[in-house]
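**Student:** Have a look at this one.
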Amino acid sequence: MDAIQIEGGPRLEGEIRVSGSKNASLPILAASLLTSGSSTFHNVPALNDIRTMCRLLELLGAEAELPAPAPKGSRRKADPHIVKLTTKAIKDTTAPYELVKTMRASVLVLGPLVARHGQARVSLPGGCAIGARPIDQHLKGLEAMGAKIVLEHGYVTAKAKRLRGARLVCDIPTVTGTENLMMAAALAKGHSTIENAAREPEVEELARVLNKMGARVRGAGTSVIDVDGVDELHPIEHAIIPDRIEAGTFMVAAALTRGNVLVRDCLPEHLDAVIAKLRSAGATVTAESGGIRVKGPTTILPVDITTQPFPGFPTDMQAQFMVLATRAKGQSVITENIFENRYMHVQELARMGADIMIEGRTAIIRGVPRLTGAPVMATDLRASASLILAGLVAEGRTEVLRVYHLDRGYERIEKKLRPLGARIKRVKGRM
Ligand code: EPU
């Protein structure tokens with residue numbers, strides 16, 4: 001298994017490009033099940049989660065195509081960020097445990113399958129490294145649209161001849177739940193309203209895609225989404241928005257190393273909460289044509305953070321900011337409100353010399369003068385990213401093991417960070 005090796009110390013300087021959004025791509029690829037024909041998506045990040053979603057769609061009967069490799073000797077390189085999906089006939093409606101257990105977002109085929117094919121059987125995802133993560137809101141919404149839901153043998157089966165529009169009130173805003181219901185409502189008969197909907201930019205992006213396909217969705221990006229169901233949707237060509245969490249991770253890397261980095265191809269309006277907290281930590285953040293420039297402060301100031309649904313501070317940036325807080329002059333308090341078990345990085349950071357105390361959902365971080373490199377490993381994606389960040393400023397060598405978590409969400413992070421001056425490489429064959 002690969003590991004990432006980092007020699008800490010250098011300030012990061014230069015420019016870095018952000019890839020397409022993983023969490024926007026996943027529902028959009030699933031949405032291709034709502035159409036019959038070939039859709040082409042650009043700026044899809046080349047990540048393991050994307051390959052898992054394509055494998056799942058293939059099991060269901062879609063053809064997934066990456067661009068043909070360039071002819072031998074040709075200078076033209078195939079773009080690995082284009083995915084073409086052809087969904088003529090659905091031959092299976094089951095998302096099996098083997099795939100769902102490796103990627104919870106597999107649940108995103110539930111809404112499209114019931115809406116277009118009248119039936120879906122999806123393995124229940126169960127708990128994961130960051131918390132219990134139930135899907136009751138997805139099921140409650142589908143039931144309100146007339147689906148018959150049965151839970152047995154670890155699977156949920158949803159059946160409906162044709163879903164009908166309904167008032168869907170979510171008890172809590174859920175990102176993939178809102179996405180599933182929006183896709184289901186797009187082909188339901190009549191009008192649906194999703195209340196207390198998630199407002200994340202990825203939900204808005206999915207609505208844009210559905211509307212391009214011929215759906216009638218209004219209000220995405222606010223907490224009330226209206227959908228007028230249509231009889232059919234058509235395939236499209238679309239370029240995916242940039243990944244705000246990858247962008248945020250690079251911005252923290254710049255601040256933490258007291259560097260000066262232009263993070264290219266990101267959308268500042270998706271990063272307001274992150275930018276505000278970077279500024280509180282003393283960083284200088286400015287919008288420039290083509291991206292956001294972050295200059296790290298000489299002294300990092302403590303920051304208090306509470307994770308919230310968008311537009312609040314994202315849970316997916318909590319672990320990265322915790323690393324920043326370990327190097328601050330003073331005490332920071334972080335409260336994790338979205339997932340109950342998202343502090344898996346704390347024990348590993350402690351092994352690198354961090355001073356962090358956890359009390360329930362709250363972490364109290366006292367800044368320390370130095371972190372020291374160590375072999376570390378994490379059991380989820382954003383925790384792994386935080387360990388890479390810690391490695392960038394730790395004295396000596398850090399080896400981040402089990403990088404398959406990292407590879408689910410960051411496209412070759414070592415290749416992107418190296419040109420900025422980071423001493424980082426991938427090594428093969430570590431446990
Ligand atoms: N929840 C329920 N019932 C439900 C659905 C959610 O109780 O039916 C709870 C969850 O347990 C959690 C909260 O509601 O406490 C919010 O969860 P949400 O459903 O919004 O999370 P998700 O849709 O499963 C997406 C992202 C996550 C990101 C969260 C929160 C995708 C594919 N995943 O997950 O991304 O952390 O929203 O913003 O979009 C990541 O990229 O590393 C990642 C984990």
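The values are calculated or read from the model by the stated rules, or taken from the named source; none is laboratory data. What you see is a predicted model; the values in this text were computed from it and never measured. Here Cβ is always computed from backbone atoms with ideal geometry, including for glycine, and neighbour counts include all displayed protein chains. Each accessible area value is taken on the protein alone, full model and side chains, heavy atoms only, with ligands, DNA and RNA left out. Shrake-Rupley method; radii C 1.70, N 1.55, O 1.52, S 1.80 Å.
**Student:** From the residues in segment 130-155 that are within 13 Å of the ligand (Cβ to nearest atom) and out of contact with any helix residue (DSSP H, G or I) (no Cβ under 7 Å at 6 or more places or on another chain), which one is farthest from Val175 (Cα to Cα)?
**Tutor:** Glu143
**Student:** Within segment 409-425, which residues are assigned to a helix (DSSP H, G or I) and touching a residue at least 24 places away in the same chain (Cβ under 8 Å)? Break it down into steps so the answer makes sense when it comes.
**Tutor:** We begin by selecting, within segment 409-425, every residue assigned to a helix (DSSP H, G or I); these are 409, 413-420.
Within segment 409-425, Gly409, Ile413, Glu414, Lys416, Leu417, Pro419, Leu420 meet the criteria.
**Student:** Also, quick follow-up: Could you check how many residues of segment 258-273 are of a type outside the set (Gly, Ala, Ser) and either assigned to a helix (DSSP H, G or I) or open to solvent by less than 10 Å² (accessible area, probe 1.4 Å) (or both)? Reasoning before the result, please.
**Tutor:** From segment 258-273, those of a type outside the set (Gly, Ala, Ser) are 258, 260-272; that's our starting set.
Narrowing the set further to residues that are either assigned to a helix (DSSP H, G or I) or open to solvent by less than 10 Å² (accessible area, probe 1.4 Å) (or both) leaves 261-263, 268-272.
Counting residues in segment 258-273 that are of a type outside the set (Gly, Ala, Ser) and either assigned to a helix (DSSP H, G or I) or open to solvent by less than 10 Å² (accessible area, probe 1.4 Å) (or both) gives 8.
**Student:** Could I ask something else about it? Quick one: which residue in Pro297, Pro242 is over 18 Å from Lys416 (Cβ atoms) and modelled with pLDDT of 95 or more?
**Tutor:** Among Pro297, Pro242, only Pro297 is over 18 Å from Lys416 (Cβ atoms) and modelled with pLDDT of 95 or more.
**Student:** Further question: Which condition breaks for Ala198 when tested against (1) touching a Gly at 6+ places or on another chain (Cβ under 9 Å); (2) near the ligand (Cβ under 10 Å from one of its atoms); (3) open to solvent by 20 Å² or more (accessible area, probe 1.4 Å)?
**Tutor:** (3)
**Student:** Something else: I'm trying to understand the selection: among the residues of segment 145-162, which are more than 22 Å from Pro96 (Cβ to Cβ) and more than 28 Å from the chain's Cα centre (by Cα)?
**Tutor:** Passing the criteria: Gly146, Lys161, Arg162.
**Student:** Working only within segment 174-195, note down all residues that are surrounded by fewer than 21 Cβ atoms within 10 Å (Cβ to Cβ) and within 16 Å of the ligand (Cβ to nearest atom). Break it down into steps so the answer makes sense when it comes.
**Tutor:** Quick first cut of segment 174-195, residues surrounded by fewer than 21 Cβ atoms within 10 Å (Cβ to Cβ) only: 175, 189-191, 193, 195.
Across segment 174-195, the qualifying residues are Val175, Glu195.
**Student:** Identify all residues within segment 342-377 that are among the basic types (Lys, Arg) and either over 26 Å from the mean Cα position of the chain (by Cα) or at pLDDT 95 or above (or both); write none if there are none.
**Tutor:** Arg351, Arg361, Arg366, Arg370
**Student:** Now for a different question. Looking at segment 143-155, I want the residues that are open to solvent by 100 Å² or more (accessible area, probe 1.4 Å) and have a partner that is assigned to a loop (DSSP other than H, G, I, E, B) and of a type outside the set (Ser, Thr, Tyr) with Cβ atoms under 9 Å, at least 6 apart or on another chain. Which pairs are those?
**Tutor:** Cβ pairs passing all conditions: Lys148/Ala160; Leu151/Leu124.
**Student:** Now for a separate question. Tell me, yes or no, whether segment 224-233 has at least one residue that is within 13 Å of the ligand (Cβ to nearest atom) and under 27 Å from Ala132 (Cβ atoms).
**Tutor:** Checked segment 224-233: no residue is within 13 Å of the ligand (Cβ to nearest atom) and under 27 Å from Ala132 (Cβ atoms).
**Student:** Being within 16 Å of the ligand (Cβ to nearest atom), open to solvent by 10 Å² or more (accessible area, probe 1.4 Å) and among the aliphatic types (A, V, I, L, M) is true for just one of Leu381, Leu401. Which residue is that?
**Tutor:** Within the list Leu381, Leu401, the selection yields Leu381.
**Student:** Next question, about the same structure. Has segment 33-50 got any residue that is assigned to a helix (DSSP H, G or I) and touching an Asp or Glu at 6+ places or on another chain (Cβ under 7 Å)?
**Tutor:** Yes, the conditions are met somewhere in segment 33-50.
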